[in-house]
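*Asks:* Below you will find the structure I want to go over with you.
The values are calculated or read from the model by the stated rules, or taken from the named source; none is laboratory data. Please read all numbers here as calculations on a predicted model, not as lab measurements. Cβ coordinates were reconstructed from backbone atoms using ideal geometry, including for glycine residues, and neighbour counts include every protein chain displayed. Ligands, DNA and RNA are stripped out before the accessible areas are found, and what is left, the full protein with its side chains, is counted by its heavy atoms. Shrake-Rupley method; radii C 1.70, N 1.55, O 1.52, S 1.80 Å.
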Amino acid sequence: MLNQNAKPSEPSIVFAEDYIDTMERSRSAAVSRPLVLLAIVALIAAACGGGDSDSLTYKDPDRLTLFEIPATWNLYTTEDLSAVTEVPFVVQGRDFTLPVISRVAFEGSPSRNVSNLAQPISRLDFPVGSAVVRSIGPSMRDLVSRYLLTEVVVPYRQAPQSQEILKTDLQFADDWEGVQVVVQYTESATSEDAAVFMASITDPEQTRLFSIAVGCSVDCFNTYIEDIRGIVDSWLVNTNG
């Protein structure tokens with residue numbers, strides 16, 4: 001359970017003030033969606049320590065990305081995913097194709113099974129996620145935008161209903177940039193709500209796209225909010241790779 005009386009500490013993920021204000025307005029407007037909004041308050045206020053001894057650190061073989069997941073969660077490397085047709089949060093559109101260079105998936109089910117990754121996000125009572133590196137071809141580079149950076153992870157704008165709970169642009173040294181979003185949306189296949197925390201960035205030459213995303217049903221998102229935040233917070237990209 002979330003400790004609503006805990007004293008807030010300075011978070012290492014800082015969201016733009018404009019979207020914090022939007023969240024507060026949304027709380028009164030979206031009465032039918034209270035659970036995820038309560039979770040986001042905790043996402044901003046709760047401390048999440050790094051280097052936890054109860055976490056598992058993964059670094060891909062090409063040393064492109066690194067992140068941490070809880071030690072009790074299940075990790076699926078490229079070899080594990082060879083028989084999987086779809087990995088969560090890896091979308092290829094009709095108007096864009098971004099070939100996958102590196103991918104790893106993970107989930108928090110008590111029973112390890114790669115089929116856990118194929119379930120509708122909105123019906124999961126445990127989080128699933130993926131960290132992916134994709135190439136951007138020359139013909140696609142003029143299309144790169146904040147919109148595309150999210151669409152290739154979760155195309156929530158096409159959902160029957162969606163709401164960006166929090167969103168901020170990311171800008172780093174040497175012109176690395178991207179976007180970070182917490183979104184709640186209704187899945188067409190289930191007519192039920194899912195919630196996802198994602199970050200997506202590109203290199204200065206826009207030749208590669210790096211993303212990480214974690215999500216599940218709204219109730220699940222609220223329950224596992226600290227773990228989800230910790231995963232995205234721990235994600236590192238090798239800018240010299």
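*Asks:* For segment 119-145, how many residues are open to solvent by 10 Å² or more (accessible area, probe 1.4 Å) and either closer than 30 Å to Glu205 by Cα or touching a helix residue (DSSP H, G or I) at 6+ places or on another chain (Cβ under 8 Å) (or both)?
*Replies:* Going through segment 119-145 one residue at a time, the tally reaches 12.
*Asks:* Separate question: Just the residues that are of a type in the set (Gly, Ala, Ser) and part of a helix (DSSP H, G or I), please, taken from segment 117-145.
*Replies:* Ala118, Ser122, Ser139
*Asks:* Moving on to the next point. Yes or no: Asp175 more than 19 Å from Val91 (Cβ to Cβ) and touching a Cys at 6+ places or on another chain (Cβ under 9 Å)?
*Replies:* Here the answer is no, as Asp175 does not meet what is asked.
*Asks:* Let me ask something else. Answer yes or no as to whether Ser191 is open to solvent by 20 Å² or more (accessible area, probe 1.4 Å) and either of a type in the set (Lys, Arg) or touching a residue at least 12 places away in the same chain (Cβ under 8 Å) (or both). Even if it seems obvious, please write down each step before you answer.
*Replies:* Working: open to solvent by 20 Å² or more (accessible area, probe 1.4 Å): yes; either of a type in the set (Lys, Arg) or touching a residue at least 12 places away in the same chain (Cβ under 8 Å) (or both): yes.
The answer is yes for Ser191.
*Asks:* Out of the residues in segment 164-182 meeting the condition of being open to solvent by 20 Å² or more (accessible area, probe 1.4 Å) and among the hydrophobic types (A, V, I, L, M, F, W, C), tell me which one is nearest to Met198 (Cα to Cα).
*Replies:* The selected residue is Leu170.
*Asks:* OK, next. Looking at the structure I just gave you, is Leu236 touching a residue at least 40 places away in the same chain (Cβ under 8 Å), within 30 Å of Thr57 (Cβ to Cβ), of a type in the set (A, V, I, L, M, F, W, C) and open to solvent by 10 Å² or more (accessible area, probe 1.4 Å)?
*Replies:* yes
*Asks:* Got a number for residues in segment 200-228 being open to solvent by less than 10 Å² (accessible area, probe 1.4 Å) and more than 30 Å from Arg141 (Cβ to Cβ)?
*Replies:* Qualifying residue count for the region: 5.
*Asks:* Somewhere in segment 132-142, is a residue over 13 Å from the mean Cα position of the chain (by Cα), hydrophobic (A, V, I, L, M, F, W, C) and modelled with pLDDT of 95 or more?
*Replies:* The answer is yes; a qualifying residue exists.
*Asks:* Return the residue satisfying two criteria in turn: it lies in segment 146-160 and is part of a helix (DSSP H, G or I) and buried (at least 18 other Cβ atoms within 10 Å of the Cβ), and of such residues it is farthest from the chain's Cα centre (by Cα).
*Replies:* Only one residue tops the list, namely Leu148.
*Asks:* Please find, among Ser130, Ser115, the residue that is within 24 Å of Ser188 (Cβ to Cβ) and touching a residue at least 60 places away in the same chain (Cβ under 8 Å). Steps first, please.
*Replies:* Working: Ser115 fails: touching a residue at least 60 places away in the same chain (Cβ under 8 Å).
Of the residues listed, the single one that is within 24 Å of Ser188 (Cβ to Cβ) and touching a residue at least 60 places away in the same chain (Cβ under 8 Å) is Ser130.
*Asks:* Looking only at segment 194-208, which residues are within 14 Å of Val91 (Cα to Cα) and at pLDDT below 95?
*Replies:* As a first pass, look at segment 194-208 and keep what is within 14 Å of Val91 (Cα to Cα): 198, 200.
Matches in segment 194-208: none.
*Asks:* Going by the conditions given, is Leu43 crowded, with 19+ Cβ neighbours inside 10 Å, at pLDDT below 95 and not in a strand (DSSP E or B)?
*Replies:* yes
*Asks:* For segment 87-118, what are the residues that are within 19 Å of Gln158 (Cα to Cα), surrounded by fewer than 19 Cβ atoms within 10 Å (Cβ to Cβ) and not β-branched (Val, Ile, Thr)?
*Replies:* Result: Gln92, Gly93, Arg94, Asp95, Phe96.
Here is a yes/no grid of residues against (1) part of a loop (DSSP other than H, G, I, E, B); (2) touching an Asp or Glu at 6+ places or on another chain (Cβ under 9 Å); (3) within 18 Å of Leu209 (Cα to Cα); (4) modelled with pLDDT of 95 or more:
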residue: Glu68; (1), (2), (3), (4): no, yes, no, yes
residue: Thr72; (1), (2), (3), (4): yes, yes, no, yes
residue: Ser82; (1), (2), (3), (4): yes, no, no, no
residue: Thr85; (1), (2), (3), (4): yes, no, no, no
residue: Phe89; (1), (2), (3), (4): yes, no, yes, yes
residue: Asp95; (1), (2), (3), (4): yes, no, yes, no
residue: Leu98; (1), (2), (3), (4): yes, no, yes, no
residue: Val104; (1), (2), (3), (4): no, yes, yes, yes
residue: Ser115; (1), (2), (3), (4): no, no, no, no
